[in-house]
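Since every read-out is calculated from the coordinates, none of them should be taken as a lab result. Every value quoted in this text rests on a predicted model; they were computed, and no experiment measured them.
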Amino acid sequence: MIRNRKLAGLLMAGAFLPLIGCGTAKEMTVAAPAENGASGEESLIVTETGGTDLVQLQESLAPGQTGQLQLPEKMSHNIYMDPDLHEGSGKYRAFQIDFAGMDTPMHTYWALCNWQMAGGFGAYGGLQHTADGARAIMSFWEGEVNGSMLRAHRMYPYGTDHRFGGEGDGTNYIPAYNWRSGQWYRMLFYSWDDLQTGHTFVGQWVEDVTAGQWTLISYFDTNLVGSYITGGLSQFQENYVQNRDYLKRSFFIKNVYAFDLEKNDWLSLNTTRISYDPVEWKYNTAGTHEFGATAEYFWGAAGEYVADQAAYDAATLRSAKVSITQPDKPEMPESVIYDIAANAHDGGTKVQWKVWEMGAPVITTQIVLWDAAGNPIGVWAASRPELENALLDVSYANVAKITVTTQDVYGLVKNYEAVTVK
């Protein structure tokens, strides 16, 4: 989690790096790798040199020396990513990103998107490795809107909101999600205007890319109206508990996209600026800080011990603007619902269905009941992605046919029809 409110504000605005007056800081800009195998600039822009293995360092002590090395308690450096949004309108319905944690020791957080809710407050979400295991997280700060303090409310899973403080006040949800090192995961943040309340909702999904399985982590009612995702859409890697372990933490990121509301299309975010927290920020961090890009993915690594931190910092990049090659639009799997059924229930008609977890998440569902003459006699609609049943106040005896229309997170509209059997 973001432990510094001032930093959090910078993250939301996408303004991590004070590039002016940085002394010996180094910067680099690298063009996108050439396509179709053509020669071009080197796609791996930074060689990962690494630091010192502490076990080897301990073994190198002179004969007669005993005990553990008494290194200072530090945290790994943060690695930041700021996507190039110059082609975007700043108004986004959704943000999607592929992530693989490669070295994932405990007490590490990978923020996969930091954003603002238009007209409201900041938010962030990602994956963690905590003392309690692998977890997902989505959080919303509270903020003052029209003179009143406004906070988001969790709609799914149902239950009491979890409040947090210490970095500003807000509400979050941090459930177990069994993500694994070395595997790719796709995280989607999606905003929509709820049909029932008129409020803007925001949901978080994760797809296990290897298995192709989608999981709805949570969604929140922002209590805002007509809002959307905006801000810097930034990422970072953070070690949030100091220790003497100096463990390496690293990640890969690719397939970064935002759905632009004004363009009504997906925006490919294949260029980003990567950086780390410099000594001027006076964070209690130390060790290696390295980053770059291949043709396929961005990468970052931090945390290994270095004996001469000042010399290491002077010899490594402060920031780099890098690009990868990715399709213009994200993969858009087809949504599927199945096992549509209906029965009499409390004098009305209960309709049930199942959403295929290997298909795209469904946002809205509309059900129409028809009589034998082909007339519509009942309509139900909701934008609650977890729902798989609906109760309509229409006698089941009068229902001859059911039609179901769905729309998924990629905008695909599908129609289904079922004939009742009595």
Checklist outcome for this item: The pairs in LYS350/LYS414; LYS254/LYS329; LYS74/LYS254; LYS329/LYS414; LYS282/LYS321; LYS248/LYS321 lying past 18 Å Cα-Cα in this model are LYS350/LYS414; LYS74/LYS254; LYS329/LYS414; LYS282/LYS321; LYS248/LYS321
Checklist outcome for this item: Here the gain from full extension of LEU195 to LYS329, 0.36 nm per residue of separation minus their alpha-carbon distance, amounts to 45.5 nm
Next on the checklist: I need to check one value: relative contact order of region 148-223, counting alpha carbon pairs closer than 8 Å and at least 6 residues apart, in percent.
Outcome noted: 33
Next on the checklist: I'd like the distance between the alpha-carbon centres of region 290-338 and region 111-175, rounded to an integer number of Å.
Outcome noted: 25
Item to check | Relative contact order %, region 334-389, counting alpha carbon pairs below 8 Å whose residues are six or more apart | outcome: 30
